Amino acid sequence: MNTRNWQVDIYDNASKVEDADDIAQSIYLILATIPGSDPLRPSFGSNVYRYLDKPVRDVAPNVVYEATAAIGRWEKRIEVTRCTVGISAADRMTITIEATLTGTGDALTVTTSL
C-alpha cells in the first residue's frame with residue numbers, strides 16, 4: 001500500500017506515520033475530535049463524543065452512523081464497508097472500521113479506542 005501521504009506521529013513528534021498507519025491515525029483524529037474544537041476547520045471531527053458515557057448496547061447504532069458519516073466526509077482515501085462498536089478491557093469504547101482503499105480495493109481494518 002502506498003498512499004503517498006504522511007503526517008507527524010501524534011505520540012512521537014520525531015516520527016512520521018505513512019500508509020495504513022497514516023490512515024489509522026487520521027481515523028482516530030476524526031473520531032476523537034469534537035466539531036468546533038479545531039479553529040481552522042470548525043466542522044472537522046465527529047459527534048461520537050455524545051455517546052461515550054452511555055451504555056454501548058443502547059447507542060451503538062448512533063455511534064456507527066456518526067463514525068461512518070464523519071469518516072466518509074473527512075477521509076477520502078477509504079470507503080467504509082463495516083463499522084462495529086464494543087467495549088475494551090479498560091471499559092473504553094472501541095470502534096472497528098473495515099474499509100477498502102479508494103482506487104486499489106485493498107482491505108484495511110482499523111480499531112481505535114475512545
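Quick note: the coordinates plus some simple rules give every number you see, no bench work behind them. Please read these numbers as outputs of a predicted model, since none were measured by experiment. Counting neighbours? That spans all protein chains shown, and the Cβs are built from the backbone with ideal geometry, glycine included.
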- Extension gain (nm, one decimal) between Tyr11 and Ala90, 0.36 nm per residue minus Cα-Cα: 26.5 nm
- Positive-end residue of Thr111, Pro61, Leu29, charge dipole of the chain with Cβ unit charges: Pro61
- Given +1 on the Cβ of Lys and Arg, -1 on the Cβ of Asp and Glu, and no further charges, what dipole in debye does the chain carry about its Cα centre, rounded to the nearest 20? 340
- Residue (of Val17, Ser43, Leu101) at the positive-pole extreme of the range 6-113, dipole from beta-carbon charges: Ser43
